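Enquirer: Let me give you the structure first, and then I'll get to my questions.
Coordinate-derived values only; no laboratory data. Because the structure is predicted, anything quoted here is derived from the model rather than measured. Here the Cβ positions follow ideal geometry from the backbone for every residue, glycine too, while neighbour counts run over all protein chains shown.
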């Protein structure tokens with residue numbers, strides 16, 4: 001394995017770890033703020049569930065868009081990618 005491949009592999013691990021933390025912690029943080037708002041308004045667990053579900057939806061959309069862009073960039077680097085598909 002050459003240096004470029006090793007660097008690409010390590011970057012992939014770092015990005016995967018960052019995305020995992022983002023998927024786990026962001027809904028928890030927004031759910032906590034929703035829980036605090038529910039406590040102040042007496043509407044438990046309405047805002048906690050709404051905030052967490054909204055953030056999860058956004059994160060899945062963001063991951064899909066990021067994945068699609070990464071795959072398009074990867075496909076553009078493939079041999080023969082400059083030819084049009086028929």
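Enquirer: When you count, for each residue, the other Cβ atoms within 10 Å and take the mean per peptide, how do 41-48, 7-14, 30-37, 74-81 rank with the highest first?
Expert: 30-37, 41-48, 7-14, 74-81
Enquirer: Continuing with this model, one more query. Give the shape of the chain as rounded, prolate or oblate, defined through the alpha-carbon gyration tensor: a ≥ b ≥ c are the square roots of its eigenvalues, a/c under 1.5 means rounded, and otherwise the shape is prolate if a/b is larger than b/c and oblate if not.
Expert: Oblate, because a/c is 1.5 or more while a/b does not exceed b/c.
Enquirer: If you don't mind, there's one more thing I want to ask. So how tilted is helix 46-77 from the main axis of the chain? Cα-based, degrees 0 to 90, rounded to 10.
Expert: With rounding to tens, the tilt is 10 degrees.
Enquirer: Output the 0 to 90 degree angle, nearest 10, between the alpha-carbon long axis of helix 3-41 and the longest principal axis computed from the alpha carbons of the chain.
Expert: Rounded to the nearest ten degrees, it is 20.
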